Amino acid sequence: MSPLRVAIVGFGKIARDQHVPAIAATDGVELVAVASRNASLPGVPHAATLDELLRDGPPIDAVALCTPPQVRHAQAAMALAAGKHVMLEKPPGATVAEITPLVTAARAAQRTLFATWHSRYAPAVEPARQLLAGRKVTAVKITWKEDVRVWHPGQAWIFEAGGLGVFDPGINALSILTWILPQSLFVTSADLAFPANRDAPIAATLALSDAQGLKITAEFDFLQTGPQSWDIDLDTDGGPVTLSMGGARLRAGGKQLVDAPDAEYAGLYRRFRELCATGETDVDLAPLQLVADAFLLGRRRTVEPFEDATCTCLPFLVSRVPPSGCCPTAPKSNALRCTPPMDWKRAS
């Protein structure tokens with residue numbers, strides 16, 4: 001069987017750090033082109049735009065859209081109209097409703113539309129889902145806090161309308177939650193903190209529930225310095241269960257059941273290859289719907305302006321505060337933060 005020929009559209013941090021190595025590690029998938037106005041990959045054919053790629057680039061079977069969510073709908077529609085399979089980075093779009101026409105177009109063209117939720121492919125998530133299937137969950141607490149200056153340096157789009165702000169990482173937690181719990185969930189209240197100079201929240205607190213009144217709380221924060229937190233704690237009738245490190249670790253019954261390295265994007269590309277073989281579409285909008293409902297229901301607070309400034313210095317472990325010699329010009333408020341070592345991977 002011929003390999004699936006993939007072009008990456010939008011060549012920023014997530015494309016370089018995750019998509020390129022995942023494609024290289026996946027049998028039956030080949031990176032044949034990159035489309036980006038600002039970056040390229042040595043040895044790989046390059047185009048400035050998707051339109052240019054489709055018109056003048058090498059033959060491709062599929063595109064992986066790694067552009068900001070505000071522009072993905074138009075790009076996905078263009079690719080599907082050209083007969084290409086489409087992988088959507090998370091979130092799949094800037095709105096919920098814009099995805100439905102894409103599903104219709106994909107099915108009409110007999111092409112795959114894959115709305116990815118990479119955190120569902122973290123090594124401990126499926127074992128957690130299976131463990132919880134035999135238990136009654138009585139409470140859930142999500143703590144998802146990270147330093148935006150470390151993980152999204154210079155990415156101004158994330159604080160623009162449609163960029164989701166702190167929900168860009170927070171939606172990863174919601175994608176895990178909606179996978180490991182089988183019942184429908186809904187938002188009951190939300191508190192959203194908007195910097196005075198930005199159009200998307202920098203912090204959020206959510207309360208969620210289900211038809212039986214399950215208590216779920218979620219705290220999202222983009223200004224966490226020092227140790228970073230990507231945890232889901234569940235109380236169950238069989239004792240506490242904890243998913244940590246973004247779904248890489250699972251602990252229950254006082255035992256560490258899973259602690260495995262990151263392989264999320266390799267799992268995404270294996271799934272994409274399988275879907276493309278049959279032209280099947282895989283789109284689950286539940287995580288994005290919860291975020292949209294948080295915006296609809298949430299109480300908006302204006303907080304101090306956010307200024308993005310980053311620097312690069314000696315690598316440090318994310319589990320520790322950057323060394324005192326790092327970014328010597330940084331004010332005591334830590335307005336400047338250091339970037340982590342390139343080999344430290346977080347589910348972005």
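The values are calculated or read from the model by the stated rules, or taken from the named source; none is laboratory data. Because the structure is predicted, anything quoted here is derived from the model rather than measured. Cβ sites come from the backbone with ideal geometry, for glycine too, and all protein chains shown count toward neighbours. Surface accessibility is based on the protein's heavy atoms, side chains included, excluding ligands, DNA and RNA. Shrake-Rupley method; radii C 1.70, N 1.55, O 1.52, S 1.80 Å.
Listed here are the helices (runs of 4 or more DSSP H) enclosed by region 87-178 that have at least 3 residues being open to solvent by 10 Å² or more (accessible area, probe 1.4 Å): 99-109, 125-132. The strands (runs of 3 or more DSSP E) found wholly in region 192-277 and carrying at least 3 residues that are open to solvent by 20 Å² or more (accessible area, probe 1.4 Å) occupy 203-209, 215-221, 229-236, 255-259.
Residues checked against (1) in contact with a Ser or Thr (Cβ under 6 Å, 6 or more places away or on another chain); (2) farther than 23 Å from Ala35 by Cβ:
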site	(1), (2)
Val71	no, no
Ala82	no, no
Ala105	no, no
Arg120	yes, yes
Val125	no, yes
Arg129	no, yes
Ala133	no, yes
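Here Gly57 clears all of (1) surrounded by fewer than 23 Cβ atoms within 10 Å (Cβ to Cβ); (2) of a type outside the set (Asp, Glu); (3) in contact (Cβ under 8 Å) with a residue 12 or more places away in the chain; (4) within 21 Å of Asp284 (Cβ to Cβ) except the condition numbered (4). Pairing residues of region 206-234 that are basic (Lys, Arg) with residues that are open to solvent by less than 50 Å² (accessible area, probe 1.4 Å) and at pLDDT 95 or above, at Cβ distances under 8 Å and at least 6 apart in sequence or on separate chains, gives Lys215/Ala139; Lys215/Val140; Lys215/Ala207; Lys215/Ser209. Close contacts from region 41-54, counting a first residue that is within 18 Å of Glu30 (Cβ to Cβ) and assigned to a helix (DSSP H, G or I) and a second that is open to solvent by 60 Å² or more (accessible area, probe 1.4 Å) and of a type in the set (A, V, I, L, M, F, W, C), with Cβ to Cβ under 9 Å and a gap of 6+ residues or different chains, come to Leu54/Met78.
Remark: pairs (first residue in region 181-199, farther than 24 Å from Thr242 by Cβ; second residue of a type in the set (S, T, N, Q) and surrounded by 13 or more Cβ atoms within 10 Å (Cβ to Cβ); Cβ separation under 6 Å; 6+ apart in sequence or on different chains) = Asp191/Thr205.
Could you list, in sequence order, the residues of region 60-86 that are without any contact (Cβ under 8 Å) to a residue 24 or more places away in the chain and surrounded by 14 or more Cβ atoms within 10 Å (Cβ to Cβ)?
Val71, Arg72
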